[in-house]
Amino acid sequence: MILNRNDKCWCGSGLKYKRCHMNFDEELQRFADKGYEVPTRDLIKSKEQIVGIRESAKINNGLLDLIGENIREGMSTEEVNVLAHNFIVSHGGIPATLNYDGFPKSVCTSINDVVCHGIPDRNRILIEGDIINVDSTTILDGYYSDASRMFKIGKVSEEAERIVQVARECLKKGIEEVKPWKSFLGDIAEAVQNHAESNGYSVVREFGGHGVGLDIHEEPFVSHVGKRGTGMLLVPGMVFTIEPMINVGGREIFIDKADGWTVLTSDGSLSAQWEHTILVTEDGVEIISK
Ligand code: MF3
Ligand code: CO
Ligand code: CO
């Protein structure tokens, strides 16, 4: 759609195009003309949508805080699920993963060699030495926020400590690459991959981050392996997750045939993951969901 200077902007702000996204569109076009991949309009969130995503994230963040305070040896992953479910629902939200594509629970609980998408289970009791990722997506008033954290159960091995720490640093290094009009998805990918591999670890390729906000998974796919200067240009208004899955051993994975969901490392080595939802702002990055 061609907009004239005095038309209302496409973003829904109610402002005239020339006072809103006109310069933005021209700048995007300059990058596109040079051959760079640029986001389509539907990947740019409006101010109103950003407010909604932040509100959703308040619940999601609160839930992960609550789990941090309560998770302990002897608890089942189903108890973690119930805690999460009740927290989201009592705050007016909806757990996005429940019944998503048939996923049966309100959070993912991924322990030790489980890479992601572990299913809470009343028979899986947390024991000392486990490392567990709890991943939650909350919907509030139609807005989605997504984050995950690692938790250590009692005293864990040195190797477990280290993979949890390095995975967290990978996320941090990825986020540090987010520079509006200056960096690309490939910059995030390269920073994550570099940090993992320089620590002797490997990066899972089959799963990655994603746009989020109006749906559980949106474009673009956010790879955690890649090359600087490649992939989509980062511009203000983009909302996506960064969620590196880092393995102690090889990067190969498989999906448990018994449930069709649980993703495990092929060599049985430990895996760790941290996830934030971030917003690209005018001058940097805002961590919305953590
Ligand atoms: N929260 C997950 C993510 O980070 C999505 C889980 S989908 C499920 O993308 F079905 F596995 F729960
Ligand atoms: Co998630
Ligand atoms: Co995600």
Restricting the stretch 230-263 to residues that are within 13 Å of ligand 1 (Cβ to nearest atom) and hydrophobic (A, V, I, L, M, F, W, C), the residue that is most open to solvent (accessible area, probe 1.4 Å): Ile255
For the stretch 4-26, does any single residue satisfy the condition of being in contact with a helix residue (DSSP H, G or I) (Cβ under 8 Å, 6 or more places away or on another chain), loosely packed, with under 14 Cβ neighbours inside 10 Å and under 26 Å from Tyr144 (Cβ atoms)? yes
Within the stretch 264-275, take every residue that is of a type outside the set (Gly, Ala, Ser) and open to solvent by less than 30 Å² (accessible area, probe 1.4 Å) and give me the one that is nearest to the chain's Cα centre (by Cα). Glu275
Hey, could you check the stretch 149-161 for residues that are closer than 18 Å to Ser269 by Cβ and either free of Cβ contacts under 8 Å to residues at least 12 places away in the same chain or within 13 Å of ligand 3 (Cβ to nearest atom) (or both) and say which is least open to solvent (accessible area, probe 1.4 Å)? Glu161
May I ask you to list the residues in the stretch 108-132 that are open to solvent by less than 10 Å² (accessible area, probe 1.4 Å), within 16 Å of ligand 3 (Cβ to nearest atom) and outside any strand (DSSP E or B)? Gly118
Out of the residues in the stretch 189-213 that are within 16 Å of ligand 2 (Cβ to nearest atom) and open to solvent by 20 Å² or more (accessible area, probe 1.4 Å), state the one that is farthest from Val107 (Cα to Cα). Glu206
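Look through the stretch 166-199, keep the residues that are part of a loop (DSSP other than H, G, I, E, B) and in contact (Cβ under 8 Å) with a residue 24 or more places away in the chain, and return whichever of them is nearest to Glu243 (Cα to Cα).
This residue is Val178.
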Quick one: Asp146 ticks every box in (1) within 16 Å of ligand 2 (Cβ to nearest atom); (2) farther than 23 Å from Thr109 by Cα; (3) not hydroxyl-bearing (Ser, Thr, Tyr) bar one, so which box is it? (2)
Residues that are exposed (fewer than 15 other Cβ atoms within 10 Å of the Cβ) and closer than 15 Å to Glu197 by Cβ, drawn from the stretch 214-229: Lys227
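Tell me the residue from Asp146, Asp141 that is in contact with an Asp or Glu (Cβ under 9 Å, 6 or more places away or on another chain) and open to solvent by 30 Å² or more (accessible area, probe 1.4 Å), please.
On inspection, the qualifying residue turns out to be Asp141.
The values are calculated or read from the model by the stated rules, or taken from the named source; none is laboratory data. Quick caveat, the model's predicted, so the values are computed rather than measured. Glycine also receives a Cβ, built like all others from the backbone with ideal geometry; neighbour counts cover every protein chain displayed. The area values use the complete protein model at the heavy-atom level, side chains included, leaving out ligands, DNA and RNA. Shrake-Rupley method; radii C 1.70, N 1.55, O 1.52, S 1.80 Å.
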